[in-house]
Amino acid sequence: MADPSSYRPKPGQIPDSPGVYRFRDEHGRVIYVGKAKSLRQRLSSYFQDLAGLHPRTRTMVTTAASVEWTVVSTEVEALQLEYSWIKEYDPRFNVKYRDDKSYPSLAVTLGEEFPRVQVMRGPKKKGVRYFGPYAHAWAIRETVDLMLRVFPVRTCSAGVFKRSAQIGRPCLLGYIGKCSAPCVGRVSPEEHRELAEEFCDFMAGRTGTYLRRLEQQMHEAAEEMEYEKAARLRDDIEALRRAMEKNAVVLADATDADLIAVAEDELEAAVQIFHVRGGRVRGQRGWVTDKVEAVDTAGLVEHALQQLYGEESGDAVPKEVLVPALPEPVEPVAQWLGRRRGSRVDLRIPQRGDKKDLMATVERNAQQALVLHKTKRASDLTTRSRALEEIAEALELDSAPLRIECFDISHLQGQDVVASMVVFEDGLARKSEYRRFQIKGRVGDTQVWHGEGQDDVRSMHEVIGRRFRRYLLEKQKAGEWSEENAVEAAEAEAEAEEGTARTEDGRPKRFAYPPQLVVVDGGQPQVAAARRALDELGIDDVVVCGLAKRLEEVWLPGEDDPVVLPRTSEGLYLLQRVRDEAHRFAIAYQRSKRTKTLKAGPLDAVPGLGETRKKALLKHFGSVKRLRAATVEQICETPGIGRKTAETIAAALAAAAPPAPAVNTATGEIMEEAGE
């Protein structure tokens, strides 16, 4: 636990102006980002007597090891910079809302030549118009099914669209009148785009004019005794009205607004948002968060606004945002929203009438969401805490291992040897921290083994050494490790593991955060190899254990007898989950490498021959068999292939043994190759 006085800025150093500040821990990771109208007043409040601080604030300042700040011109700039840094650094002590589910939206891909209507989840894409989000995907599909009768816009995938265009026949929707079939030219691209834009206008709430126009056309058709056309228009109107009924009118004045409600207790908070467009509820979503910082309802609202509109612009930000409490001060937030929209945005608390009644409904949804979340999480949180405590007790640790890393080795008969590293924090998988290793079988620059015998043990020694050499290297760069103790770190090579990195200013970097417990998949030999790798690096504050599959025994370094946890132990169950996840991750990587190896052909061995020229050769000759039989002069006839390259190709194919001919096992007949 750090003493805040050890890194407190000197009097007069902190400017009395708006700005954004960052607290960092001893590893240089940003753990908290905040903004202030006056940096001097705000930062001074963190360095008062610890007994006077909120418990969460006290935990943050004692975890931090330094503080820094950036001065900005206005509070609006501070708000924007705070949002950007929270997204960039993902600080552990900032409120971070997490979606309680991945909400689907109705999307129209206006950026394509033939726009498509579909259900979409995840981050928004450029050139796509979104409506929602909705609570259920089936609600979107029901609405679209009703509207396709009037707006027969394309809904098929790119593959189906391309296939229909090739064969000259539309899909089933084209035959039953629910698609205008632009794939076969029934409508032009311009006519289809007009249909898509009318669909968007109707979904955006401009329904009255369109319905009145259809009714007028229906009456005109009836007067002219075109009864079939009039009946079709009547059915179209009925379909649109049924689609509209799925979104009840809640505000009579065709208001465009978002209503945000918060339900909270001492530890957690739930946020619910209703998106009202044209007076109708067009979408709903919800978030839940742990209150890891001392924050009131107004602060939760401000964080929700940042997350909701931080990546939005234009009409995605409504004219009016109704909230249960106003951020303090409210003017910078309102100005920031106005900039995102491009025009004025009213941010206020509803006081009376329909808007206040609807806000009460949103608040009830938030309360129900919080109750449901706590019901789901209560037993899980208790179980995870008990599991960590049981592991700490069984392994005689000073405290519960909040970060556990598990390593596993995978290979197929000594080939394609790989390793995996999975990370569990607070008993939950942290997949963004997973890493994959391709085993080199090297110590320094010396090849020491070739995938035979006790290779799992040597592989484990290598992967543990590589992981912690990178950790020591990062500590050396930060000045936290002496040159003498970091000799191995200085020799660390750049790894090919996948994942993000944290640079020296606090962004994610490889292996910068040490675990309290390392679990290896195996028994005494693997545990001894892992412990030896750590000892060689001078690391003595990381506990190592192994979990043997046969009897699920926990092995510790230097112990002749294993630690046996009860079969019903939550601690053993957690270790099994960690081990099985590492095994799954290693197997997946090993299989992907093996698949690439099996797919490799004789042309892959030709140096300097890229994918484009490989395709050109196969297109020119039809198969590798014909290419192997070709002369250098014939190979030179391929576009992009010079004589030197042709000679290299001919030599490589001549050196490669031709595959055995295929044999029909029923007749014994040797089958001709159609290609390779």
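The values are calculated or read from the model by the stated rules, or taken from the named source; none is laboratory data. Just so it is clear, the model here is predicted, and its values are computed rather than measured. Cβ atoms come from the backbone with ideal geometry, glycine included; neighbour counts cover every protein chain shown. Protein only, heavy atoms only, side chains kept; ligands, DNA and RNA dropped before computing areas. Shrake-Rupley method; radii C 1.70, N 1.55, O 1.52, S 1.80 Å.
When you go through Ser6, Ser105 one by one, which is the residue that is of a type in the set (S, T, N, Q) and buried (at least 19 other Cβ atoms within 10 Å of the Cβ)?
Values: Ser6 fails: buried (at least 19 other Cβ atoms within 10 Å of the Cβ).
None of the others qualify; the one that does is Ser105.
It is to be established whether one or more residues within the stretch 38-56 are touching a residue at least 40 places away in the same chain (Cβ under 8 Å), open to solvent by less than 50 Å² (accessible area, probe 1.4 Å) and touching a Phe, Trp or Tyr at 6+ places or on another chain (Cβ under 6 Å).
no
Looking at Asp256, Asp315, Asp296, can you tell me which residue is surrounded by 15 or more Cβ atoms within 10 Å (Cβ to Cβ) and modelled with pLDDT under 85? Break it down into steps so the answer makes sense when it comes.
Values: Asp315 fails: surrounded by 15 or more Cβ atoms within 10 Å (Cβ to Cβ); Asp296 fails: surrounded by 15 or more Cβ atoms within 10 Å (Cβ to Cβ).
Unique residue meeting the criteria: Asp256.
Could you please let me know if Val153 is at pLDDT 80 or above and in contact with a Gly (Cβ under 7 Å, 6 or more places away or on another chain)? Break it down stepwise before answering.
Numbers: at pLDDT 80 or above: yes; in contact with a Gly (Cβ under 7 Å, 6 or more places away or on another chain): no.
Here the answer is no, as Val153 does not meet what is asked.
So Arg58 passes all but one of these: (1) part of a loop (DSSP other than H, G, I, E, B); (2) modelled with pLDDT under 85. Which condition number does it fail?
All conditions are met except number (1).
Of the residues Phe151, Phe161, which single one is within 30 Å of Ile273 (Cα to Cα) and either outside any helix (DSSP H, G or I) or open to solvent by 30 Å² or more (accessible area, probe 1.4 Å) (or both)?
Phe151
Evaluate the following for Gly558: is it open to solvent by 40 Å² or more (accessible area, probe 1.4 Å), small (Gly, Ala, Ser) and modelled with pLDDT of 85 or more? Show your work before the answer.
Details: open to solvent by 40 Å² or more (accessible area, probe 1.4 Å): yes; small (Gly, Ala, Ser): yes; modelled with pLDDT of 85 or more: yes.
Against the criterion (open to solvent by 40 Å² or more (accessible area, probe 1.4 Å), small (Gly, Ala, Ser) and modelled with pLDDT of 85 or more), Gly558 qualifies.
Given the conditions (1) in a helix (DSSP H, G or I); (2) open to solvent by 20 Å² or more (accessible area, probe 1.4 Å), and given that Gln284 satisfies all but one, which numbered condition is not satisfied?
Just one mismatch for Gln284, condition (1).
Looking only at residues that are among the hydroxyl-bearing types (Ser, Thr, Tyr), in a helix (DSSP H, G or I) and more than 18 Å from Ser180 (Cβ to Cβ) in the stretch 191-234, which one is farthest from the chain's Cα centre (by Cα)?
Result: Tyr227.
Of all residues in the stretch 172-189, how many are of a type outside the set (D, E, K, R) and more than 18 Å from Met147 (Cβ to Cβ)? Quick ask: steps written out before the conclusion?
Step one: filter the stretch 172-189 for residues of a type outside the set (D, E, K, R), giving 172-177, 179-185, 187-189.
If we keep only those that are more than 18 Å from Met147 (Cβ to Cβ) too, we end up with 175, 183-185, 188-189.
So the count comes out to 6.
Within the stretch 380-392, which residues are open to solvent by 70 Å² or more (accessible area, probe 1.4 Å) and either free of Cβ contacts under 8 Å to residues at least 40 places away in the same chain or touching a His at 6+ places or on another chain (Cβ under 9 Å) (or both)? Talk me through it step by step, then tell me what you get.
The initial filter retains those residues of the stretch 380-392 that are open to solvent by 70 Å² or more (accessible area, probe 1.4 Å), namely 381-382, 386, 389.
If the condition is that a residue be open to solvent by 70 Å² or more (accessible area, probe 1.4 Å) and either free of Cβ contacts under 8 Å to residues at least 40 places away in the same chain or touching a His at 6+ places or on another chain (Cβ under 9 Å) (or both), then Leu381, Thr382 are the ones that fit.
Testing Cys179 on (1) assigned to a helix (DSSP H, G or I); (2) touching a strand residue (DSSP E or B) at 6+ places or on another chain (Cβ under 9 Å), one condition comes back false. Which one is that?
Of everything listed in (1) assigned to a helix (DSSP H, G or I); (2) touching a strand residue (DSSP E or B) at 6+ places or on another chain (Cβ under 9 Å), Cys179 misses just condition (1).
Counting only residues that are modelled with pLDDT under 65, of a type outside the set (D, E, K, R) and in a loop (DSSP other than H, G, I, E, B), how many does the stretch 637-669 have?
Going residue by residue through the stretch 637-669, those that are modelled with pLDDT under 65 are 657-669.
Filter once more, so that each one left must be of a type outside the set (D, E, K, R): 657-668.
Add one more test, that the residue is in a loop (DSSP other than H, G, I, E, B), and what stays is 657-661, 664-668.
Adding up the residues that qualify gives 10.
Which residues, taken from the stretch 564-606, are at pLDDT 75 or above, open to solvent by 90 Å² or more (accessible area, probe 1.4 Å) and closer than 30 Å to Leu412 by Cβ?
Correct list: Tyr573, Arg584, Arg591.
Cβ contacts < 7 Å: first residue touching a residue at least 24 places away in the same chain (Cβ under 8 Å) and on the phi < 0 side of the Ramachandran plot, restricted to the stretch 162-173; second residue surrounded by 17 or more Cβ atoms within 10 Å (Cβ to Cβ) and of a type in the set (Val, Ile, Thr), any location; separation 6+ or different chain. Result?
Leu173/Thr155
Inside the stretch 17-29, can you point out the residues that are of a type outside the set (Lys, Arg) and farther than 12 Å from Trp69 by Cα?
Going through the stretch 17-29, the residues of a type outside the set (Lys, Arg) turn out to be 17-21, 23, 25-28.
Asp25, Glu26, His27, Gly28 - these are the residues of the stretch 17-29 that are of a type outside the set (Lys, Arg) and farther than 12 Å from Trp69 by Cα.
Inside the stretch 30-50, can you point out the residues that are in a loop (DSSP other than H, G, I, E, B) and out of contact with any Pro (no Cβ under 8 Å at 6 or more places or on another chain)? Talk me through it step by step, then tell me what you get.
As a first pass, look at the stretch 30-50 and keep what is in a loop (DSSP other than H, G, I, E, B): 37-38, 47-49.
Across the stretch 30-50, the qualifying residues are Gln48, Asp49.
Is it the case, given these coordinates, that Ser157 is in contact with a strand residue (DSSP E or B) (Cβ under 9 Å, 6 or more places away or on another chain) and either among the hydroxyl-bearing types (Ser, Thr, Tyr) or over 20 Å from Val128 (Cα atoms) (or both)? Walk me through how you get there before you give the answer.
On the way: in contact with a strand residue (DSSP E or B) (Cβ under 9 Å, 6 or more places away or on another chain): yes; either among the hydroxyl-bearing types (Ser, Thr, Tyr) or over 20 Å from Val128 (Cα atoms) (or both): yes.
Spelling it out, Ser157 is indeed in contact with a strand residue (DSSP E or B) (Cβ under 9 Å, 6 or more places away or on another chain) and either among the hydroxyl-bearing types (Ser, Thr, Tyr) or over 20 Å from Val128 (Cα atoms) (or both).
For the stretch 514-555, give me the residue count where each residue is open to solvent by less than 10 Å² (accessible area, probe 1.4 Å), in a strand (DSSP E or B) and β-branched (Val, Ile, Thr).
5
Within the stretch 327-357, can you find the residues that are farther than 15 Å from Val76 by Cα, in a helix (DSSP H, G or I) and not basic (Lys, Arg)?
Gly353, Asp354, Asp357 - these are the residues of the stretch 327-357 that are farther than 15 Å from Val76 by Cα, in a helix (DSSP H, G or I) and not basic (Lys, Arg).
Mind checking which residues of the stretch 279-315 are small (Gly, Ala, Ser) and free of Cβ contacts under 8 Å to residues at least 40 places away in the same chain?
Residues of the stretch 279-315 that are small (Gly, Ala, Ser), as a first pass: 279, 283, 286, 294, 298-299, 304, 310, 313-314.
Matches in the stretch 279-315: Ala298, Ser313, Gly314.
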